[in-house]
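See below for the structure under consideration.
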Amino acid sequence: MTTQTGKILRLLAIFACTAASLFSGTAQADRIKDLASVQGVRNNQLVGYGLVVGLDGTGDQTTQTPFTTQSIINMLAQLGTTLPTTQSLQLKNVAAVMVTASLPAFARMGQQIDVTVSSMGNAKSLRGGTLLMTPLKGGDGQAYAVAQGNILVAGAGASAAGSKVTVNHLLAGRIAGGATVEREVPTALGQGAFVNYQMSNSDFGTTQRVVEVINREMGPGTAQAVDGRQIRVRAPEEADSRVAFMGRIENLEVRPMQTAAKVIVNPRTGSVVMNQTVMIESCAVAHGNLSVVINNDQQVSQPNALAGGQTATTNQADIQIKQEPGVLMNVKASVNLSDVVKALNALGANPQDLLAILQAMKAAGALRAELEVI
């Protein structure tokens, strides 16, 4: 009875380990729609120049922004009010802005899209303003949408007696559904009998796995890898069948290959970001901080009453150079991200020092990753 119970427990343990590995593999799988996109199906950027009115005295100072005055005169001329081009306007409730939007693929006439409104003059705030009718043009110079509406600015500010308080940014805002599509962009869903998919990252291993999954689920010969990024898929000719076919493909799950080890360094902000495949070899690191402090003390030299001299100012400079001792520390080899972070934290370096240490480790061959400085 004891032997039989032991066998059952061992079988349950093996089953639990197998199930855990299967579930972990499923958790790591990504959908094809998260790894690739259909070639030709993309957004198009739109931009326009317009005026925002209704500001509470926080608009452009027209004496310093002549384009705002010229725009107001042109707009009033189109509305039937003619002003001399040399007219000097002192308006504080108007601001010149740039309006940007992203026209999604398959957008149809009458569809509403969001727009972002940004000040381009010296306005203090766009809060409470209304954007007047603004055509939004594409890269070909054609107008594809028209924007208008009340601007929502996620910020607040106040000033009085020379003091100023600002919360968030007041010179940019959004209008939800503020633009109406007036011209459609034709989007070809594939070329002839084929639809091309483009991988987000150029990786031959992941691309081959995507091809294998598509051929296994949709039939042999359906997909073919063109290179490390592009996949050619044979799809039905009819529009309805093609859409259903692509809907099935984009929900197939694939386990991508491990990404290349990379460390991203931003020396301007001192940011260091690394992925989970970064490894370091055993090495010794010593890094000491060097600081230079200069103090300038001005002193007044006052002669005696009968000396006949003049009062003079002298500068007394005190220069100190301090260098903290750099302790030689042994950094052990690490095979996962948590060990790498622990090893780097053990150095006790700030982000700026860490940039120099990573560059030195890369030059010494101890950092097994691509070091990219942005």
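The values are calculated or read from the model by the stated rules, or taken from the named source; none is laboratory data. Owing to the predicted nature of the structure, the values given are computational and were not obtained by experimental measurement. Don't worry about glycine lacking a Cβ; one is built from the backbone with ideal geometry, like all the others, and counts go over all protein chains shown.
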Among (1) over 33 Å from the mean Cα position of the chain (by Cα); (2) in a loop (DSSP other than H, G, I, E, B), the one test that R216 misses: (2)
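Give me the residue from the stretch 240-284 that is of a type in the set (D, E) and surrounded by 14 or more Cβ atoms within 10 Å (Cβ to Cβ) and, out of that set, farthest from the chain's Cα centre (by Cα).
E281
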D114: closer than 21 Å to R174 by Cα, charged (D, E, K, R) and assigned to a loop (DSSP other than H, G, I, E, B), yes or no? no
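Please work out if L76 is of a type in the set (A, V, I, L, M, F, W, C) and either free of Cβ contacts under 8 Å to residues at least 12 places away in the same chain or touching an Asp or Glu at 6+ places or on another chain (Cβ under 8 Å) (or both).
Numbers: of a type in the set (A, V, I, L, M, F, W, C): yes; either free of Cβ contacts under 8 Å to residues at least 12 places away in the same chain or touching an Asp or Glu at 6+ places or on another chain (Cβ under 8 Å) (or both): yes.
Criteria met by L76.
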Return the pairs, sorted by first residue and then second, in which the second residue is of a type in the set (D, E), the first residue lies in the stretch 171-198 and is within 11 Å of A145 (Cα to Cα), the beta carbons are less than 7 Å apart, and the residues are 6+ apart or on different chains. G178/D114
Can you tell me which residues in the stretch 189-222 are of a type outside the set (F, W, Y) and over 15 Å from V233 (Cα atoms)? S200, N201, S202, D203, G205, T206
Determine the pairs where a residue that is without any contact (Cβ under 8 Å) to a residue 40 or more places away in the chain, located within the stretch 99-116, has a partner that is loosely packed, with under 14 Cβ neighbours inside 10 Å with Cβ atoms under 9 Å apart, the partner being 6 or more residues away or on another chain. none
Residues in the stretch 45-62 that are of a type in the set (S, T, Y), modelled with pLDDT of 85 or more and either in a loop (DSSP other than H, G, I, E, B) or not assigned by TED's automatic domain parsing to the domain that holds V115 (or both) total 1
Can you list the strands (runs of 3 or more DSSP E) lying wholly within the stretch 260-374 that have 3 or more residues being closer than 30 Å to S202 by Cβ and at pLDDT 70 or above? 262-266, 271-274, 370-373
